[in-house]
Every structure is written in structure tokens, then in C-alpha cells.
1. Among the residues that make up the range A:143-151, is at least one of them within 13 Å of chain B (Cβ to nearest Cβ) and more than 19 Å from A:Arg78 (Cβ to Cβ)?
2. In the range A:211-232, which residues are part of a loop (DSSP other than H, G, I, E, B) and among the aliphatic types (A, V, I, L, M)?
3. Would you confirm, using the coordinates I've provided, whether A:Ala158 is more than 9 Å from chain B (Cβ to nearest Cβ), assigned to a helix (DSSP H, G or I) and modelled with pLDDT under 95?
4. With respect to B:Ala315, is the statement that it is surrounded by fewer than 24 Cβ atoms within 10 Å (Cβ to Cβ), assigned to a helix (DSSP H, G or I), more than 9 Å from chain A (Cβ to nearest Cβ) and in contact (Cβ under 8 Å) with a residue 40 or more places away in the chain true?
5. Among the candidates A:Ala183, A:Ala146, which residue alone is free of Cβ contacts under 8 Å to residues at least 60 places away in the same chain and crowded, with 24+ Cβ neighbours inside 10 Å?
6. When only residues in the range B:241-259 that are facing another protein chain (nearest Cβ under 7 Å) and part of a loop (DSSP other than H, G, I, E, B) count, which is surrounded by the fewest Cβ atoms within 10 Å (Cβ to Cβ)?
7. Given the criteria in contact (Cβ under 8 Å) with a residue 12 or more places away in the chain, of a type outside the set (Phe, Trp, Tyr) and within 8 Å of chain B (Cβ to nearest Cβ), does A:Val80 qualify?
8. Among the residues of the range B:260-295 satisfying the criterion of being within 14 Å of chain A (Cβ to nearest Cβ) and among the small types (Gly, Ala, Ser), which is surrounded by the fewest Cβ atoms within 10 Å (Cβ to Cβ)?
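The values are calculated or read from the model by the stated rules, or taken from the named source; none is laboratory data. Every value quoted in this text rests on a predicted model; they were computed, and no experiment measured them. Heads up, the Cβs are rebuilt from the backbone with ideal geometry, glycines too, and the neighbour counts pull from every protein chain shown.
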Amino acid sequence: MTLEAEGLCVRRSGRALLQNLSLSLAAGEVLAVVGANGAGKSTLLRVLSAELTPDRGQVRLNGRALADWPARESAKRRAVLPQHSPLDFPFTALEVVLMGRIPHGGPGAEDVHRAALALAEVGLAPLAERRYTTLSGGERQRVHLARVLVQIWEPLPAQEPRFLLLDEPTASLDLAHQHATLALAQRWAQHDLGVLIVLHDLNLAAQYANRVAVLKAGQLLAVGAPAKVLEPTLIAEAFGLPVQILPHPELPCPLIVARAQPAPAANQAATQARVPIT
Amino acid sequence: MSMNTQALSLPASHPLLQRQQFERLTLAALLALMVFVALLSIAIGPVPIPIADVLRTLAALTGLPVAEVAPQHEAVIVSIRLPRTLLGLLVGAGLAVAGAAMQGLFRNPLADPGLIGVSAGAALAAVSVIVLGGQGLAFLTQALGPFSLPIAAFIGGLLTTLLVYRLASRDGRVSVMTLLLAGIAINALAGAGTGLLTYLADDQQLRTLTFWSMGSLGGATWPAVGSAALLIAVPLLALPLLARTLNALLLGEAEAGHLGIAVQRMQPLIVTLAALAVGAAVAVSGIIGFVGLVVPHLLRLALGPDHRLLLPGAALLGGSLLLLADLLARTLVTPAELPIGILTALLGGPFFLALLLRWQRQMR
């Protein structure tokens, strides 16, 4: 059972945001979605989370079309971490996390316990009673991560898989927390859970994802194991940047570094101009 | 990301339990305040009535066997003070709950039915019925009878809320700037419409209209209380049931959708309920500003933004605050009476400015 997108097409104001895109996310895997700005990553995420209805194609959640799921039932099966939440009210961190329990009914003692566990999971247990509005950007992002974890906290009957969709979860995090967040995603994927992460950093994708999907102009350029997909020609095509692939010094994954670029012409001219003066 | 097991039991148990106790105490205190202010409002006036007589009369009304009260006092209570007090409680509770709900809907604590033009829209519709009720809109007044005024005000409020929401939201995000600017424009337009109708009105209607633009509980009669109670009771009871939906909406529309909330159905429902409360309040008491702004804000300071507490709390504190304002309005310049809207504006205007300044600092 999977979260499966089939032949997705989305057009907005004359522009094709997604073109015939098919992709499936299975339980137990971390799938990183990468691509240049405007490649359609966020649009894909919005379609997968039923926020946007595709013009053509459909998304199936565990074998059933997304539109046929009652909203609450699909909410128990997949949670979505937004890039930014407009929340601007002084809830405590714990209260924000507890909102993840809304699809499961009232917040009882059990829910509070789970919310506290989820906060500990993202390393924010000491801030449970702090007001959300007093938290830093990175802390807010981790509170929301705890909220989406608690939304799909318990296993479903018959080991039905759950899915976690994360939209650039590392955007406002420092280096240590970027890795901690992705390690958490990796850990969670081991429990009947499929994790899809929209990422900008190819090295994070290479290190933590089981599969990488590369998007360009709304189309799927390639999908597969990081070592197979992340190679210089493809990256140059997707991002327009010449890169070199090195072996990671410690891990069995590729390390992507940008190549030295020829200095821009204007700079050269300036350097040359300075020579006769000195 | 350390799994600190020791920290787990702490946040779940004691600070939370302490806060829940504090929340219950606060709600109880608000209830006590409301009862106290209501008794004061019945006792104080040109004819002072001892609290004991007030209690005795109220007990007699509920059928309890008690000693006789001076008939003059009883008459004042039953025909003047009691309906006025009940109306004040209803209008205050309705405005405060509607304000809290709109702030949740717009995800902004500055939304107030008066500021964003909803009250003015409701008032314009109601004034149209007063002035044109005998002519152009006669079919309406005949069909709806005593409810024509509140229903017209409700429709006016509903249409303005929808219009403001349309203007201020884009891609599920509400722009505060557009919201307040749209409010200014709608207030101006509705004010112009009301002004135009004032020009057409005769002397008798004119007197009704002036009381309207400033707000007053002076029109408190039992039929007015009845119609207001009937219409305001619906949002007062229904909006607290939507508290969790309102909480989720604060996260954002998309985020609420991801939590399994049927956002497309819930938003119009909340708009309708809030407009019903504002419309009914405006129909019986005119435009009373700032109650919907000040009350939820004070409560958020004490109880936090959770709508499950905020909405019942707003009903209790809104009623008390409006009764206090009314008490001042009719005692400060006796035997004359100040329009209550002047008092709430005197209190709410500076309050709003302070909020605006703080918001501006935050944005930097």
C-alpha cells in the first residue's frame, strides 16, 4: 500500500506546474524530492495532501482515491508539515502540538502524554509551556514537526501505512537540527511509515533518502537511489550548475560539490584595470 | 534530539494541571462578576432599589414564596431594569463572542465587527428598514413582522463580512492591512448610505436613527429582549461547539484542512453565526464598538488563545463589560443618558491604538 500519484497535470494561469507526473511513496522509505525553484516541488506536495485538485490524474492513498477519503480518516493516515504556518497566537508549544490530535477526537490525558513525547522527540521538551510566539523560527518549525508526528502517532490496524509529507523541513534550522530532523524522518520511516521530504540540499538528500526524485519544469526527470540518480549530467540539467561527485569520506553515499566557476567577466576587467594603477 | 525521558512526565502533569485549575477558577470568577454586575445594574438608577428587594423580586418572578416588595420597586424592576439588564448581557455576550470568532476566522486579533465594517453594514440594512419600511420595503416588514429589523441587520452584517473576507484574503492568507483598509472603506460607504437615509427620514424616524449611530440599550422592551435572545442564543451556543475548528484555523487554512477540518464548509458557517450575533445586537442596540475587540483580547492575556475557553469567557465578560458601560451611561449625567457607544469607544479607542503600536513593533 502506498501514496501514489498517477499522471498528475496542474495548470495555473497558462503555465504547466506539473506535467504528467507519476510518483509513488511506499511505507518504510524516505523519498526526497529535489529540483530548482519553480520545478513543481511544492505543487506536488499540495496535490499529494489534497490541498490542490489536479486538472488531470489522481492521487491514491492506500489504494483509495484521495477525494473518496473522509477528511478525518485521511488526516489519521497522512500529516503535512508546511514550510511556514501563519499561526500568530500565543498558544503554548504543547497546545500547538495537541492540535495534531484533532482528527483523533478530544485531547485527553493520553493525547497530552503523546504530545509531550513528540516534543521530546524533536528536542523541545523543556519548552513545552513556552508561548509559541516567543519561540525562534527554528523552534517553531520543530513544534510543528512534533504536531505532525503526533497526528500520525499510533500505528493503524492491519499495519496500514501512514505518510509524512515534509515541505522543506530544514529551511529555518541550524546545521545540527537539519541533520537531527532528517535522522528523525529516517527513524520514523522504519515503522510502517512513508516519508516524503522536499529538500534543497542535495547532500542531505543523498545522506538520508532511500530514493531521490528530481523534478524539472513540472516533470519527473529521474527517480531512484541517490547514488544512481545524483550524477553530474542530471544535476547540471536539473539545476543548471556544474557539479562534481565525490565519495563521502565516511558514508556509503555520494557527496556533491559545486565546481569552480570561471570568474565573471566584469570582475576580471576590474582586476586588470587595477594593475596599472598600483 | 535527545530522548530525555525524565522531562516527559513533567510538562504533561503539573504545569498543565495547574493551568487547568486556574482556567476553571477564572471562568467561575467571570460568572460571579457577571451576576454581581447584573444585580448592580438592576439596583442602581434614578430610583435606587436595595439589593435585598432586587433578590426578592427576582425570586418572586421564578415562583419562590418570598416577602412582598414595594410595588413601585417591583414595577421598575420588571418593566425597566430587568429587560435592560438582560438585553445588555445578551448584546455584550453576542458582540464579544462574534469578535472572538471573527478574530479566529481572520487569524488576527485586530478584527472587530465595528472596525471591519460589519456593524455598519448591519446598521445600514436596519436603517433602510426603519426609513423605507413604510414604503419601498413594505413587503418585507409585513412578511417578517417584529423580526424584520434583526433579520435585515443580520443580512447586512453577513454580506459585509463576506465582502470584507473576499477583499482581505488571497490564497488562504488574510492581509491585516487590507482587512483594516477594507473596514475603513465599508464604514465610510455604509455611513454615507445611513446618512442619505437620515436625510430622507421624518422627525419620528430621525430620533430613532440618532440613537442608532451611537448605540444605546434605551430601547429595552420585553419583545426586543425576546427577539435578541432568540437570535443571539444560536451563535452563543453554536460557536463554542466550533472552538476546535477555530483553533485549527489559526494554524492556517491549508493546515486546518490537513487536520481533517472541512474548511470550505466551516468558514461560511462561522461567518454566518458571527454575523447573526452582530446583526441581532445591532438591531436592538445600534452600533456599539470595541466590545468585540477588547473582551477577547483581555481574555487571551489571562487564559491564552484556546477558543474552548475563550468563547465562553468572552460571553461572560462581554455581558459584564457592556452592563458596566450601560450603568455609567445612564448614571453619569442623570437624568439624561449618554449613548453607550461613546463610552465603549472612549475605552476601546486607546486600547486599539495600544494594540496597533504593539503589532507595529512586532512587525519590525
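1. Looking for residues that are within 13 Å of chain B (Cβ to nearest Cβ) and more than 19 Å from A:Arg78 (Cβ to Cβ), one finds at least one in the range A:143-151, hence yes.
2. Hits for the range A:211-232 are A:Ala217, A:Ala225, A:Leu230.
3. So A:Ala158 passes the test.
4. No; evaluated as a whole, the condition is false for this residue.
5. Unique residue meeting the criteria: A:Ala146.
6. Within the range B:241-259, the match that is surrounded by the fewest Cβ atoms within 10 Å (Cβ to Cβ) is B:Gly252.
7. Yes; evaluated as a whole, the condition is true for this residue.
8. B:Ala262
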